[in-house]
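Participant: One structure follows; several queries about it will come next.
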Amino acid sequence: MDSITIVGGAPLRGVIPISGAKNSGLKLMAAALLSDQPLTLDRMPRLADTRFMAALLESLGVGVDWPEGSGTIRLHAAEIASTIAPYDLVRKMRATFNVLGPLLARIGHATVSLPGGCAIGARPVDLHLKAFEAMGADIVIEGGYVKAAALRGLKGASIVFPFVSVGATEHAMLAAVLAQGDTVLDNCAREPEIADLANCLNAMGAKIEGAGTSEIRITGVTSLHEARHRVVADRIEAGTYAIAAAAAGGEVRLEGAVGQHLGALLQAMRAAGVETAVDPEGVWVRRTSERFKPVDIDTQPFPGFPTDLQAQFMALMTVANGTSIIRENIFENRFMHAPELSRLGADIAVRGNEAVVRGVDKLVGAPVMATDLRASVSLVIAGLAAEGETTIGRVYHLDRGFERLEEKLQACGADVRRVRTGG
Ligand code: UD1
């Protein structure tokens, strides 16, 4: 199993190109199932998760053309060979569950294993299933599988989500584009990845309005056509490098990052005393002062502070000049990085969904273990800020979500190496 070794203390200086968003790319790939015509996606990040989704689509009969080293993937679901997504392929990554809606909408039935994914809480899919039921699907859960059928097609419906869910909003949208009649989704998530998915579906011929607001209106169409779409920039990757530059010191330009998608983070960074600037080509971050101020954060659905940057921000706050309070409101078990950060000398007390982080003068490198995708990158950030050497084990979590992480950091002067240990 690979590990990553970091010798901390070097400031980050340079330009970091931001990849396409993993969380968007995965749903865009699922959208290819909706049409018998090809879908070409540019700036698709080459990650364990996107490769995995490509393998699942192939198993369903989708032609996948993704040349080695290329960011352009061409998916062609001319015919669907199977409507079954088995446990082995779905358990590793929650987003694979998103094939259910498109299969149901196009073929009228599907059997998809209940999902797995990061160990950050229960993460049920009840809202997804209720949305399909509202569109007329019969749903049975049997032996760990969801069996869904709408043999005479899905019907447009009026759906009010009881709380905001990114996955349920996207999944309902994916199914409703081919439903008969109009669908209105209310209390939708407003994440930029949702507008990205709607833009791609509209390019394929769907009729979606309001994506990015809390009410999305969809007029069903009978078929979708060929399209080409560029995946939105990954705001979580951009935010992660912004925080890394603040923690390690230095100055980085995040090429391609969209400032408007990072509002809550940039506001928190400025409150801490980090300089930031936004222009149409990207985001610029600089930390000059020795110590920065503590800032409290509360994770919220977009446009609030993203839960996917909470671990990284906590890593930054471990060396702030004072005490900060970090509240996690989206997932119930998302502080697994706290004990690992403590191994580097951080002072963090977790009480329920609240972490009290008392800034220390410095962190000192140590061996640590990645626990989930975003938690593992918080350890990279802490390692960059720490004195001495930090070794992070179980980096397969990192490979799920960060494209060419070591390369991008090395290009900015960081001393980061991957140690391959086989297996
Ligand atoms: C997506 C992102 C993830 C991010 C999260 C919140 C992908 C692949 N993943 O996850 O990185 O952290 O949004 O921004 O895009 N819930 C239910 N029932 C449901 C659905 C959700 O109870 O049917 C709960 C979840 O357990 C969680 C909350 O709702 O507590 C929000 O989850 P949701 O927004 O759906 O997150 P995901 O789409 O799973």
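Participant: Based on this model, can you work out whether Pro67 counts as part of a loop (DSSP other than H, G, I, E, B) and within 14 Å of the ligand (Cβ to nearest atom)?
Facilitator: no
Participant: So which residues in the stretch 241-279 are among the β-branched types (Val, Ile, Thr) and touching a Lys or Arg at 6+ places or on another chain (Cβ under 8 Å), if there are any at all?
Facilitator: Val252, Val258, Val274, Thr276
Participant: Residue under question is Ala277, and the condition is that it be of a type in the set (A, V, I, L, M, F, W, C) and outside any strand (DSSP E or B); does it hold?
Facilitator: For Ala277, the condition - of a type in the set (A, V, I, L, M, F, W, C) and outside any strand (DSSP E or B) - is not met.
Participant: Still on this structure: Let me confirm something: among Ala414, Ala386, which residue is under 13 Å from Ala315 (Cα atoms), touching a residue at least 40 places away in the same chain (Cβ under 8 Å) and small (Gly, Ala, Ser)?
Facilitator: Ala386
Participant: I would also like to ask the following. Take the conditions in contact with a Gly (Cβ under 7 Å, 6 or more places away or on another chain) and either within 24 Å of Ala246 (Cβ to Cβ) or part of a helix (DSSP H, G or I) (or both) and apply them to Ile6. Does it pass?
Facilitator: yes
Participant: Modelled with pLDDT of 95 or more and more than 19 Å from the chain's Cα centre (by Cα): is that true of Val64 in this structure?
Facilitator: Yes.
Participant: In a loop (DSSP other than H, G, I, E, B), assigned by TED's automatic domain parsing to the domain that holds Gly108, touching a helix residue (DSSP H, G or I) at 6+ places or on another chain (Cβ under 8 Å) and touching a residue at least 12 places away in the same chain (Cβ under 8 Å), is that true of Leu224?
Facilitator: Yes: the conditions hold for Leu224.
Participant: Now a separate question. I'm told Ala105 meets every condition in (1) away from the ligand (no atom under 16 Å from the Cβ); (2) surrounded by fewer than 16 Cβ atoms within 10 Å (Cβ to Cβ); (3) part of a helix (DSSP H, G or I); (4) modelled with pLDDT of 90 or more except one. Can you identify the failing condition by its number?
Facilitator: Only one criterion is unmet by Ala105, namely (2).
Participant: Kindly evaluate Arg351 against the criterion of being more than 28 Å from Gly71 (Cα to Cα), without any contact (Cβ under 8 Å) to a residue 12 or more places away in the chain and among the basic types (Lys, Arg).
Facilitator: In short, yes.
Participant: Hey, could you check the stretch 124-177 for residues that are within 25 Å of Asp196 (Cα to Cα) and in a strand (DSSP E or B) and say which is nearest to the ligand (Cβ to nearest atom)?
Facilitator: Going through the qualifying residues, I end up with Ile159.
Participant: So, in the stretch 13-29, how many residues would count as being away from the ligand (no atom under 16 Å from the Cβ) and hydroxyl-bearing (Ser, Thr, Tyr)?
Facilitator: 0
Participant: Can you work out which of the residues in the stretch 326-339 that are surrounded by 15 or more Cβ atoms within 10 Å (Cβ to Cβ) and without any contact (Cβ under 8 Å) to a residue 40 or more places away in the chain is farthest from the ligand (Cβ to nearest atom)?
Facilitator: Of everything passing the filter in the stretch 326-339, Ala338 is farthest from the ligand (Cβ to nearest atom).
Participant: List, please: which pairs have Cβ atoms under 9 Å, are six or more places apart or on different chains, and start with a residue in the stretch 74-91 that is of a type in the set (Val, Ile, Thr) and end with one that is part of a loop (DSSP other than H, G, I, E, B) and at pLDDT below 85?
Facilitator: Pairs that qualify, where the first residue is of a type in the set (Val, Ile, Thr) and the partner is part of a loop (DSSP other than H, G, I, E, B) and at pLDDT below 85, are Val90/Pro115; Val90/Gly116.
Participant: What residue, of Ser324, Ser378, is modelled with pLDDT of 95 or more and touching a His at 6+ places or on another chain (Cβ under 6 Å)?
Facilitator: Ser378
The values are calculated or read from the model by the stated rules, or taken from the named source; none is laboratory data. Computed from a predicted structure; not experimentally measured. All Cβ positions, glycine included, derive from the backbone under ideal geometry; neighbour counts span all protein chains shown.
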